[in-house]
Every structure is written in C-alpha cells, then in structure tokens.
1. HN-Hα J couplings of segment 47-56 from phi, Karplus 6.51/-1.76/1.60, θ = phi - 60°, integer Hz, Gly and Pro as x?
2. From the C-alpha gyration tensor of segment 102-214, pull out the three semi-axes of the equivalent ellipsoid (sqrt of 5λ each), sorted largest to smallest, in whole Å.
3. Mind checking the angle between helix 59-70 and the chain's longest principal axis? C-alpha axes, 0 to 90 degrees, to the nearest 10.
4. Name the shape class, rounded, prolate or oblate, that the alpha-carbon gyration tensor gives for segment 47-91, where a ≥ b ≥ c are the square roots of its eigenvalues, rounded holds for a/c under 1.5, and otherwise prolate holds if a/b is larger than b/c and oblate otherwise.
5. Would you mind working out the magnitude of the charge dipole of segment 151-289 relative to its Cα centre, with +1 at each Lys and Arg C-beta and -1 at each Asp and Glu C-beta, to the nearest 20 Debye?
6. Explain nothing, just compute: Karplus ³J(HN,Hα) = 6.51 cos²θ - 1.76 cosθ + 1.60, θ = phi - 60°, for every residue of segment 218-223 in order, whole Hz, x for Gly and Pro.
7. What share of Cα pairs, in percent, lie more than 13 angstrom apart in segment 69-124?
8. In what sequence do C36, C196 fall when counting other Cβ within 10 Å, fewest first?
Amino acid sequence: MIAGNQVAVPPTHQTANAAEGVLVKLSVLAALLVACYFPMLLMTGRTIILGDDMAHGLFAPMVALYIAWERRDLFLNPARSSFWSLPLLGVAGALGFVATLAMSSTFSRFAFLISLAGCLLLVGGYVALRGLLFPLGLLLFTFPIPDVFYGQITQPLQLLASRFSEFLLELFGYSVLRDGNVLQLTHMSLSVVEACSGLRSLVTLSFFCLVYSYFFEPRHWMRAVVTLLAIPAAILVNGLRITATGVLGQHDAVWTKGTYHECIGWAGFFVGAALVLLAHRMALRFLPQTAPELAK
C-alpha cells in the first residue's frame, strides 16, 4: 500500500493566511466599535477640531495608529485569544449603558477604550494587549477634561501663574500690584483668566514629552523623568508668556489679545519643548546608557 504524499504548506503562505484572518477580524471589530460608539466618536472629533485646548488631540490617534502598525506582528503571535476578553467587553458594555442613561460622554469614552482593549485580547491575546498598552493610553489625550474638574485644576494654576508673573515683572524692574489673578501695571491691567492658567500648555507639553521619550529613550525610569519635566517647563514658560504679554502690552495693547497673543503662547510652547529636549540631552551626556539598557 502506497501512502499518499502530503504537500507541506510553505511558511510564507501560512503567515499570509494568518495575516488575512487577523485583518478580517480587526475589520469586523473596528466596524462594530464605530457603529456602537459613533455618536461619541463624532462628538470627540468635533471637540478636538473646534476646541482651543485640544490641539494635541489631533496627533494622539495618529501616533497611536503608527505604533500599532509598527507592532502589527503581535497579532500573528501563536497565542490564542484570551478568555478575559469576554468579561472585559461585558464591563465596557455595562459602562456604555450607564453612559447612555447618564448622558456622560466621559463614561462613553472610557467604555470605548475598554472595548478596544477587549478586542485586542480577543484577537491577539494578552501579548497583543500588553504590547499595545502605550498607544492605547495615548488615546486618553483625546479626552477633554470634564467640566467638574476643570475649574478645580485651573484655579490653582491661575494663582500660581499670577504670583510667578508678578515676581518676574518686579525682577525686570516693572511696578506691579497683584489683586488675586489681576496684575495692575503702570499703564494697563492684566487679568490671568482660565485660558492663561497654563493647563493647555501643560497637557500639550506632557503629550509631546511622552511621545518623544517613547521613541528616543529606552530607559523606563528616564522616560518618566522626561515626561515629568513637562510640569515645571509648562509652569515656567506660562509665567514667561504672561510676563512677555505684560511687557509688550505696555507699548502696544495688540499683544494682549488676538493673533499676536496666540503667537506668544505658541512660542512659549516651543520654548518649553526645547527646554525639555535640552535637559534630556544633558542627561544623556552625564548619565550615559549602559549596554543592558540599550538592549531593552
């Protein structure tokens, strides 16, 4: 009796078939997610495009998708789907139901992120979810700060910015009288409103530092340091921005509002980013990476 010959499937064909299967699964799950969360996604897109405080929100999904594409091989891992994807998707569904009843866009956004994590577990298992936690976390930067917390965050920042700007103006020889968040100079009154609290610069600079450290710093502890540097950098440049507005506004009021005022704000952001980059470069010089750290 002659045994039949079995034709082996080339590894390249097996990989291609696995990739096609994963692509189909991801396409179906993506369509379902968009269908379930379309109102929230539409609202978030409008908030990012029209909001003055959400410039970083445009880049967060782009960077997240780029990192996910770079790590697409995680979905071809032989590990099977995780059982925990089902309870995680159940939690997301329950949270989405609560969000609908409470009409809470914040709850709906968290439900979307949990659903996305559940889909990653379903397709690629724990390995895929662990490997894509960072891009998944970046999507938090598409969330606007809830109104219930916004005032509690901006008020201390406003007061800090007012005091710091008062110190800088007096240091530069200007006569200034501070009443709360209002700086009274010789020829003008400068009010530090919520938009001048520095929260926008803090969040945007934190996003920049987080992404920069991910791509250019392999050491986890140094990534945390670089990201935390965004806090003092944002406070410093915001104080400098308000001080510059006060100095320039003494000569021409056009610097206190409109396009010129926005230009000062963007200049402050780039100065803050440059300070963080400079600090990181100095750290690389005085704290060089060792061989094990380079291998991570």
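Values in this text are rule-based calculations from the coordinates and carry no lab data. Note that this is a predicted model, so its numbers are computed, not measured. Glycine also receives a Cβ, built like all others from the backbone with ideal geometry; neighbour counts cover every protein chain displayed.
1. Whole-Hz 3J(HN,Hα) from phi for segment 47-56: 5, 5, 6, 9, x, 6, 9, 10, 4, 5.
2. Details: eigenvalues 360, 58, 11 Å².
Whole-Å semi-axes of the equivalent ellipsoid: 42, 17, 7.
3. Helix 59-70 and the main axis of the chain meet at about 30 degrees.
4. In terms of gyration-tensor shape, oblate.
5. 460 debye
6. x, 7, 5, 5, 6, 4
7. When all Cα pairs of segment 69-124 are counted, 60 percent exceed 13 Å.
8. Taking fewest neighbouring Cβ atoms as first place, the list is C36, C196.
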